[in-house]
Amino acid sequence: MRKVLNFINGEYCEGTQGQWLDSINPGTEEKIADVVNSTEEDARLAIDAAANALSAWKSKSPERRAKYLRDMAAILKDRLDELALIESQDNGKPLSVAKTVDIPRAAVNLQFFADAICQFGQEAYHMPNAVNYTRRDPLGVVSCISPWNLPLYLFTWKIAPALAAGNCVVGKPSEVTPITASLMGEIANEAGLPKGVLNIIHGEGHRLGDELVKNPHIKGISFTGSTATGKILSQLAAPEFKKVSLEMGGKNATIIFEDCDYDKALNGALRAGFSNQGQICLCGSRILVHESLYERLKSDLIEKVSALRVGDPMDEKTQQGAVVSKAHFEKIMSCIETAKSEGGIILTGGERYGDKGYFIKPTLIEGLPMSCQTNQKEIFGPVATIQPFKSEEEAIELANSTDYGLAFNVWSENSSRTHRVAKALDSGIVWVNTWMLRDLRTPFGGVKDSGVGREGGLDALRFFTEAKNICIQY
Ligand code: ADP
């Protein structure tokens, strides 16, 4: 049985208390690994290793740090097939998706921030008799806490800018899908990354939050996960005045206007609703359609959703794999029951697929008001609701009427309307006539309960550095 060990100071080690968790393949329900369930003491060891490595790491030139990241990206690409297979087994997503999306993007994250740090300029402001310039120095030791939906993709999305900017990292991947991230230790060693610069600890997050936030060496916390955990982390961080970046839940709307390109909108709603089994914080789980198109779009969408091929993640033709775990499967199924009890009509799906593995038939529901739980709480599964609207104003009001504000997608060929609606939406990201089109230089994150701060491009490098203004009079 594979053992997922902590990676501290360049070496793999068991937890100090010898406690373990099981990692389960959600497609087969079989155990695939024993995972260290770390204690605060393990977290302290990792933080101490990072603190010891800091001075040498931050004094390296950006070009030198970038070279390590590029080498790590190259090794990661060489191991693409192996990593994709593990990602699919650990997470339940189709192997084809892990191969074409997750793992390639993990390599791109490392390359992107290697390039970005070499181009990271700093401001200067001139006064009549003085000049101000800004230094942006690394924060120090940072915690990078990542979730299970895009395991290596989001782990590297955090560690890459942190390392590039000169910080030492304690990474904490999700205990539900820890394997690919754990292999970053091997990759770092092969690339010759100095010991202690990247440390990776595993285990249940709630046991580690205190140490990963409050330890005096920790100067910043970058987190992606649920809004509930984000709230805990900000409560821990606030009295310590620690810098936090929180990327949390979403309850995004797909808004389809009567003047859309119909086929594009239909396919967009399908992709936005069900990609990665609906387990992306950017998924459009509330589909709002102008009343003039509603019946047509609904029936075409039912056809498309029910035609999605659910099943064995190893099969190349599979479009929908398993959801990540038994607990998550049960949560999604109970959300479907809640939708029914709220008066929702299941248009397609609504039940388990097969009798082995945590597969759920993609589910489309209508007949629910925006105020109900189903339309307010994040389900994070292959479940979307569909609802008509009468006017642009109503569409905006419905879209904005949740506690979340991450990523909306708008479908219309009227360019004035798209600008007007994009401006009026309370969210960090708006996609117009597309979904999930990513330029890594753009600010990425949400408003309201979806997030604090922005990742991506310069925002990430600014987050992982502290600005110091130096004013020189002459
Ligand atoms: P989800 O509910 O989607 O699994 P979580 O927010 O629980 O999302 O998990 C996201 C990441 O946060 C995981 O790496 C998890 O271990 C970690 N985590 C969960 N609870 C805490 C906590 N109290 N402190 C620190 N990290 C946590």
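A few notes on this one:
- In the chain, taking the dipole from charged Cβ atoms about the Cα centre, the farthest positive-side position among Leu364, Gln119, Asn132 is held by Asn132.
- Each Lys and Arg adds +1 at its Cβ and each Asp and Glu adds -1 at its Cβ; summed about the Cα centre, the chain shows a dipole of about 1140 debye.
- For the pair the range 401-474 and the range 329-387, the centres of their Cα atoms are 29 angstrom apart.
- Each Lys and Arg contributes +1 and each Asp and Glu -1, all at the Cβ; summed about the Cα centre of the range 222-305, the dipole is approximately 500 debye.
- Of Pro26, Leu347, Gly166, farthest towards positive along the dipole that unit charges on Lys, Arg, Asp, Glu beta carbons give the chain: Gly166
- Rounded to whole Å, sorted largest first: equivalent-ellipsoid semi-axes of the range 88-158, Cα gyration tensor: 39, 14, 8
- Per residue, the convex hull spanned by the Cα atoms of the chain amounts to 147 cubic angstrom.
- Reachable lysines from Lys58, criterion Cα separation under 19 angstrom, eight or more residues apart if same chain: Lys67, Lys158, Lys195, Lys219, Lys243, Lys468
- Taking every DSSP helix (H) stretch of at least 4 residues in the chain, weighting each as -39,500 (n - 2.57) and dividing the sum by the residue count yields a mean residue ellipticity at 222 nm of -12000 deg cm²/dmol.
- Degrees separating the helix 294-307 axis from the principal Cα axis of the chain, which is the longest one: 60
- Translational diffusion of the range 169-319, µm² s⁻¹ [Kirkwood Rh, Cα pairs; Stokes-Einstein; 25 °C; 0.890 mPa s]: 129
- Cα-based equivalent ellipsoid, the range 277-382: semi-axes from gyration tensor eigenvalues, Å: 23, 17, 12
- Positive contributions from Lys and Arg (+1) and negative ones from Asp and Glu (-1), summed over other residues with Cβ under 12 Å from the Cβ of Glu14, come out at -2.
- Restricted to Cα atoms, the range 333-470 shows a radius of gyration and a Dmax of 18.4, 65 angstrom.
- Taking every Cα-Cα distance in the range 372-445 and sorting them into 10 Å bins from zero, the calculated P(r) comes out as 16, 50, 30, 3 percent.
- The range 109-236 - convex hull of alpha carbons, volume per residue in Å³: 138
- For the chain, the residue among Gly185, Ala399, Gly15 whose Cα projects farthest onto the positive side of the dipole built from Cβ charges is Gly185.
- Rounded to whole Hz, the Karplus (6.51, -1.76, 1.60) HN-Hα couplings of the range 100-114, x for glycine and proline: 9, 10, 4, 6, x, 5, 4, 5, 4, 4, 5, 5, 4, 6, 5
- Solvent-accessible area, 1.4 Å probe, carbon plus sulfur percent, for the chain: 50
- Accessible area of the chain divided out per residue, in Å², using a probe of 1.4 angstrom: 39
- Anisotropy class assigned to the range 22-83 is oblate, per the alpha carbon gyration tensor with a/c at or over the 1.5 cut-off and a/b no larger than b/c.
- In the chain, the DSSP beta bridges split such that about 45 percent are antiparallel, to the nearest 5.
- Structural descriptor for the chain: relative contact order 18 percent, calculated from alpha carbon pairs under 8 angstrom and at least 6 residues apart.
The values are calculated or read from the model by the stated rules, or taken from the named source; none is laboratory data. Keep in mind it's a predicted model, so treat the numbers as computed, not measured. Quick reminder, even Gly has a Cβ in these numbers, built from the backbone with ideal geometry, and neighbours come from all protein chains shown. In case anyone asks, the SASA skips ligands and DNA or RNA and just uses the protein heavy atoms, side chains included. Shrake-Rupley method; radii C 1.70, N 1.55, O 1.52, S 1.80 Å.
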